[in-house]
1. Is it the case that segment 31-52 has a residue that's assigned to a helix (DSSP H, G or I), without any contact (Cβ under 8 Å) to a residue 24 or more places away in the chain, surrounded by 10 or more Cβ atoms within 10 Å (Cβ to Cβ) and more than 25 Å from the chain's Cα centre (by Cα)?
2. For segment 5-20, which positions are surrounded by 11 or more Cβ atoms within 10 Å (Cβ to Cβ) and under 11 Å from residue 33 (Cβ atoms)?
């Protein structure tokens, strides 16, 4: 069901061509425009996404064994957090103390 309206302005000569095409096919100008948008704007974007997924899926990544992956997942964020904490603490030690109170 169509629920949104869009206003498109055409040069008169182009609109008359569209009217002629629509009439020859027993359709409305709006249906021609909707089909053109689907075919030339929306469909290529969908096909590009599908192609990207297919490219990713065709790659062979070696992540190691499941046990190795689980270990990395379980300790990864904690190690990064601890590293950031150490960096912050080192920065604090390098900063001069604020003697004003």
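1. Yes, some residue in segment 31-52 is assigned to a helix (DSSP H, G or I), without any contact (Cβ under 8 Å) to a residue 24 or more places away in the chain, surrounded by 10 or more Cβ atoms within 10 Å (Cβ to Cβ) and more than 25 Å from the chain's Cα centre (by Cα).
2. Of everything in segment 5-20, those that are surrounded by 11 or more Cβ atoms within 10 Å (Cβ to Cβ) and under 11 Å from residue 33 (Cβ atoms) turn out to be 10, 15, 18.
No value in this document is a laboratory result; all are computed from the given coordinates. The structure displayed is predicted, hence computed values, not measured ones. For neighbour counting, all protein chains shown are included, and Cβ atoms are generated from backbone atoms with ideal geometry for every residue, glycine included.
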